[in-house]
1. Inspect all residues belonging to segment 170-180 and state whether any of them is of a type in the set (Asp, Glu) and either outside the structural domain of SER151 (by TED's automatic domain parsing) or not in a loop (DSSP other than H, G, I, E, B) (or both).
2. Please verify whether VAL107 is outside any loop (DSSP other than H, G, I, E, B), within 16 Å of the chain's Cα centre (by Cα) and closer than 25 Å to ILE247 by Cβ, treating the condition exactly as stated.
3. Would you please list the contacts, defined by Cβ atoms under 8 Å and residues six or more apart or on different chains, that run from a residue in segment 156-180 that is in contact (Cβ under 8 Å) with a residue 12 or more places away in the chain to a residue that is part of a helix (DSSP H, G or I) and of a type in the set (D, E, K, R)?
4. Could you tell me whether segment 160-168 includes any residue that is closer than 27 Å to CYS11 by Cα, among the acidic types (Asp, Glu) and more than 13 Å from the chain's Cα centre (by Cα)?
5. Any residue in segment 76-89 that's over 18 Å from PHE53 (Cα atoms): show its pairings with residues that are assigned to a strand (DSSP E or B) and among the basic types (Lys, Arg) at Cβ separation under 8 Å, as long as the two are six or more apart or on different chains.
6. Scan segment 23-41 and tell me whether some residue there is under 18 Å from the mean Cα position of the chain (by Cα), touching a residue at least 24 places away in the same chain (Cβ under 8 Å) and within 29 Å of VAL176 (Cβ to Cβ).
Amino acid sequence: MDWFTEYYNGCGLKIRVKEKIVERSEIQRIEIYQTESFGKMLVIDGKIQLTEFDEAFYHEMLVHIPMITHPKPKDVLIIGGGDGGAVREVLKHNPERIVVVEIDRNVVDLCKRYLRIDKGALDDDRVEIVIRDGKAFLEDSERFDVIIVDSTDPNPISSTLFDREFFDLASERCAVFCCQSQSPVVQRKYFTTVLRNSKAFKNRRVYVSYVPTYPLALWSFLIAGKRIETDIEKVKRRYKKRKLKTIYYNPEVHISAFNLPNWLKEVVKDVLNEGRGRNA
């Protein structure tokens, strides 16, 4: 056995691995490992994307909060998400169409062959897979009910999904938008960059979840839309009507995810208040 270590800002996470199942390096370096304690693990450019043990903790929170927020989500765009976890969860809401825009075909092919967390979702007739840069796709795309961005950490390949122009485009292309916004603890710069660059959305909120194999476990998300659903009774009704079967997410978790600790409230407030009262 050996150890895989992911480093971030002076600390890191070590996971014991039994074997490396596959590696491919073209657009990105993609590795899939068999771990001792967390099942299979997907790593892209040295960063853990998911493990079988806790991927539902992430995918369910990324998907169900924006999908429940929309009263009738029929057309859904997923940018990134080539592993299929987000697609699997979106399909539980019985949409008419899902478009997955993934920049790297190898992510889709290797995950379908070796990981299989999508449980067949990537082969569903309602799912269209487009191999293209997500920002370039948005430039000439139609409007969607929901856009979900399931991206890697900011890097030379995914950096366009974090810039202001991307959020400006997304704000014109959907009713409800959601993306992961990194660790507010050890990736504060990435987190605040998402907040600053997403100001085209007039109504936006941060929520958090717990993902054990992500940097220091506390993970954040940004959701935007005309109305962000935080009425517990309405969330319960939609959850029941859509007959959702989930591992981590439930209506109570939906509501509690928006209740931020004071230190994080202050970070969000400070960023969102930048430039107010000035011609900035």
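The values are calculated or read from the model by the stated rules, or taken from the named source; none is laboratory data. The structure presented is a predicted model; accordingly, all values stated were derived computationally and were not measured. Quick reminder, even Gly has a Cβ in these numbers, built from the backbone with ideal geometry, and neighbours come from all protein chains shown.
1. No: segment 170-180 contains no residue that is of a type in the set (Asp, Glu) and either outside the structural domain of SER151 (by TED's automatic domain parsing) or not in a loop (DSSP other than H, G, I, E, B) (or both).
2. So VAL107 passes the test.
3. Pairs found: THR160/LYS135; LEU161/LYS135; ASP163/LYS135; ARG164/ARG196; GLU165/LYS135; PHE166/LYS135; LEU169/LYS135; LEU169/GLU139.
4. Yes - at least one qualifying residue is present in segment 160-168.
5. Correct list of pairs: VAL76/ARG97.
6. So far as segment 23-41 goes, no, none of its residues is under 18 Å from the mean Cα position of the chain (by Cα), touching a residue at least 24 places away in the same chain (Cβ under 8 Å) and within 29 Å of VAL176 (Cβ to Cβ).
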